[in-house]
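In what follows, a structure is listed as structure tokens, so that the remarks can point back to it.
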Amino acid sequence: MMARREIFRGFTNMLRGVRMHSGGIARKQFAKIEESDISTFRKLLGEKSVITNDDSLEFHNNDWMKQYRGNSKVVLKPKSTEEVSSILKHCNARKLAVVPQGGNTGLVGGSVPVFDEVVLSLSSMNKVLSLDEYSGVVECEAGCILQNLEEHLAKHGFVVPLDLGSRGSCQLGGNVSTNAGGLRLIRFGSLRASVLGIEAVMADGTVLDSLKTLRKDNTGYDIKQLFIVPRKLESVHLAMLGCNNFQQVLEAVAAAKFKLAEIVSAIEFFDQQCSDLVVRNLPGMSHVLETSSPFWVLVETTGSEDSHDSDKLYNFLNYCMEKQVVEGGTVAEGGTQMRKLWGMRENIPMALLKEEEVFKYDLSVPTSEMYNLVEIVRERLKERYPQAGVFGYGHLGDGNLHLNVTCPTADKEAVESILEPFVYEWTAEKRGSISAEHGIGQMKISKLYLSKPPELIALMRQIKGVFDPNGILNPYKVLLDE
Ligand code: 2HG
Ligand code: ZN
């Protein structure tokens with residue numbers, strides 16, 4: 001599928017580039033927006049698509065975490081590829097910097113301006129354009145909200161090969177451009193691999209049409225996107241297992257892969273600290289089970305034959321009980337219980353947001369090492385900062401740990417100095433990735449070298465230059481200036 005227009009965001013973000021953390025960076029020599037630019041945009045897009053009032057700008061200038069704040073004076077909401085192209089032609093000629101923006105749900109400050117960049121919001125390009133029910137190819141615009149696409153496809157018996165807690169507001173353009181991972185990567189693989197083609201707009205306004213629907217096309221460099229959607233399967237089961245230690249968690253994962261094999265669609269975990277936080281911070285949330293357990297593992301299966309899948313799941317659970325891999329747990333009976341179990345996992349970021357300060361780490365590490373880091377960090381903080389909270393959860397099946405640390409504002413700097421660079425260096429030592437799925441954005445620019453050798457970073461810079469010689473697209477993100 002993908003996106004005509006969606007595409008645009010795909011490209012720019014993929015190539016987003018340049019510079020240092022907003023803390024100490026200087027504005028580059030881009031032009032400043034003038035009244036004549038606003039008039040030009042109004043002529044190109046019409047009055048309603050050019051937003052300059054402060055109240056509406058607020059959302060676009062702030063990220064979801066309220067950690068990064070830009071100062072853009074104008075948000076543009078084009079409705080077609082041609083309009084995107086005309087905006088970029090103008091901005092490139094005038095040397096006006098531009099930040100493309102989707103649902104603005106990112107966690108590393110990649111989708112908000114750093115200074116006064118023009119915000120190019122894809123939110124008005126939100127249509128599903130076509131679905132071929134024989135091949136499972138769907139085409140949609142960049143601003144299409146993930147949940148809307150999910151609902152549209154469900155009516156035809158298909159699913160999007162991606163699911164995220166932010167599904168109600170994130171957009172396909174942002175999903176593709178950031179290669180979003182999420183809850184079912186273990187089943188569907190990397191989103192990138194599901195994209196068959198894109199229509200993208202380059203920094204100078206040139207439209208690249210790579211909107212093909214072929215599954216095989218080895219005719220040169222792979223500059224593509226477009227989605228292929230899988231059939232929606234009716235048999236879904238979900239179990240939540242309690243484990244006493246992380247060794248048991250690892251054995252439960254191994255058993256799930258071995259005993260459930262092709263029907264596994266998600267393996268997630270969170271520690272008891274996470275579930276306590278969700279219950280404490282979010283009204284209406286309660287513990288799933290009365291007993292507590294240091295670790296909880298969610299195992300979801302999706303298949304086509306209910307009795308077969310249910311037999312497999314119970315075999316797996318019996319096996320885990322016999323081997324004393326799990327201490328207890330529950331199997332969801334029906335949709336309401338499933339939503340409750342998933343709700344516990346999906347609401348963790350929202351519960352963290354209610355704390356005074358939160359440090360987020362999105363790391364790929366060998367699965368066997370995943371929880372060691374959480375324990376080490378807890379140990380490092382416990383004496384001097386007893387009020388700090390250390391939370392471990394994530395996509396267990398993919399080796400993706402979300403380590404989150406909270407603390408009172410008064411301790412922020414001291415706690416940060418204990419966490420960084422330690423957490424990143426520990427991850428690099430394990431040959432892990434300092435950003436498993438959230439990207440680099442503004443947050444991790446100065447840490448990129450810990451996951452990529454200098455030769456590769458130099459190549460990234462060159463590639464960005466090919467598509468955006470004036471550097472107007474999403475400046476101050478991902479790459480440090482040389
Ligand atoms: C998730 O898996 C998201 O819930 C957010 O990637 C992770 O808040 C986080 O650190
Ligand atoms: Zn995640």
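Does Met344 qualify as being closer than 24 Å to Arg280 by Cα and over 21 Å from the mean Cα position of the chain (by Cα)?
no
Among Gly399, Gly394, which is the only one that is over 17 Å from Leu107 (Cα atoms) and either within 13 Å of ligand 2 (Cβ to nearest atom) or among the aromatic types (Phe, Trp, Tyr) (or both)?
Gly399
Being more than 27 Å from the chain's Cα centre (by Cα) and under 30 Å from Ser190 (Cβ atoms) is true for just one of Asp271, Asp309. Which residue is that?
Only one candidate passes the filter, namely Asp309.
Here's the yes/no breakdown for (1) closer than 27 Å to Lys452 by Cβ; (2) within 16 Å of ligand 2 (Cβ to nearest atom); (3) surrounded by fewer than 23 Cβ atoms within 10 Å (Cβ to Cβ); (4) not small (Gly, Ala, Ser):
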{"residue": "Glu413", "(1), (2), (3), (4)": "no, no, yes, yes"}
{"residue": "Glu425", "(1), (2), (3), (4)": "yes, no, yes, yes"}
{"residue": "Lys430", "(1), (2), (3), (4)": "yes, no, yes, yes"}
{"residue": "Gln442", "(1), (2), (3), (4)": "yes, no, no, yes"}
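Against the condition away from ligand 1 (no atom under 16 Å from the Cβ), open to solvent by less than 50 Å² (accessible area, probe 1.4 Å) and either of a type in the set (Ser, Thr, Tyr) or in a loop (DSSP other than H, G, I, E, B) (or both), how does Gly182 come out, does it pass?
No, not satisfied.
Taking Ile348 as the residue in question, decide whether it is in contact with a Cys (Cβ under 6 Å, 6 or more places away or on another chain) and under 30 Å from Val415 (Cα atoms).
In short, yes.
So, Gly465, is that one away from ligand 1 (no atom under 16 Å from the Cβ), open to solvent by less than 40 Å² (accessible area, probe 1.4 Å) and without any contact (Cβ under 8 Å) to a residue 24 or more places away in the chain or not?
Spelling it out, Gly465 is indeed away from ligand 1 (no atom under 16 Å from the Cβ), open to solvent by less than 40 Å² (accessible area, probe 1.4 Å) and without any contact (Cβ under 8 Å) to a residue 24 or more places away in the chain.
Quick check on region 381-391. Is at least one of its residues under 18 Å from Leu277 (Cβ atoms) and within 16 Å of ligand 2 (Cβ to nearest atom)?
yes
Among the candidates Gln147, Gln171, single out the residue that is surrounded by 21 or more Cβ atoms within 10 Å (Cβ to Cβ) and not assigned by TED's automatic domain parsing to the domain that holds Met344.
Gln171
What helices (runs of 4 or more DSSP H) completely inside region 272-363 contain at least 1 residues that are within 16 Å of ligand 2 (Cβ to nearest atom), more than 13 Å from Gly242 (Cβ to Cβ) and open to solvent by 10 Å² or more (accessible area, probe 1.4 Å)?
334-346, 348-353
Residues to consider are Gly173, Gly102, Gly109; find the one that is within 23 Å of Phe41 (Cα to Cα) and within 16 Å of ligand 1 (Cβ to nearest atom).
Exactly one of Gly173, Gly102, Gly109 is within 23 Å of Phe41 (Cα to Cα) and within 16 Å of ligand 1 (Cβ to nearest atom), namely Gly102.
Select from region 352-367 the residues that are in contact with a Ser or Thr (Cβ under 9 Å, 6 or more places away or on another chain), within 11 Å of ligand 1 (Cβ to nearest atom) and among the aliphatic types (A, V, I, L, M) and write down the one among them that is nearest to Ser265 (Cα to Cα).
Leu363
Can you name the condition, by its number, that Gly242 falls short on among (1) open to solvent by 10 Å² or more (accessible area, probe 1.4 Å); (2) in a strand (DSSP E or B); (3) modelled with pLDDT of 95 or more; (4) over 20 Å from Ile186 (Cα atoms)?
(1)
Can you pull out every residue in region 417-441 that is touching a Phe, Trp or Tyr at 6+ places or on another chain (Cβ under 9 Å), within 15 Å of ligand 1 (Cβ to nearest atom), in a loop (DSSP other than H, G, I, E, B) and not small (Gly, Ala, Ser)?
Ile434
Could you give every pair whose Cβ atoms fall below 7 Å, whose first residue belongs to region 152-168 and is over 13 Å from Val128 (Cα atoms) and aliphatic (A, V, I, L, M), and whose second residue is away from ligand 1 (no atom under 16 Å from the Cβ) and not in a loop (DSSP other than H, G, I, E, B), counting only separations of at least 6 or pairs across chains?
Pairs found: Val159/Glu150; Val159/Leu153.
The values are calculated or read from the model by the stated rules, or taken from the named source; none is laboratory data. Given the structure is predicted, the values throughout are model-derived calculations rather than measurements. Using ideal geometry, Cβ is built from the backbone for each residue, glycine included, and neighbour counts are taken over all protein chains shown. Accessible surface is based on the protein model in full, side chains and every heavy atom, while ligands, DNA and RNA are left aside. Shrake-Rupley method; radii C 1.70, N 1.55, O 1.52, S 1.80 Å.
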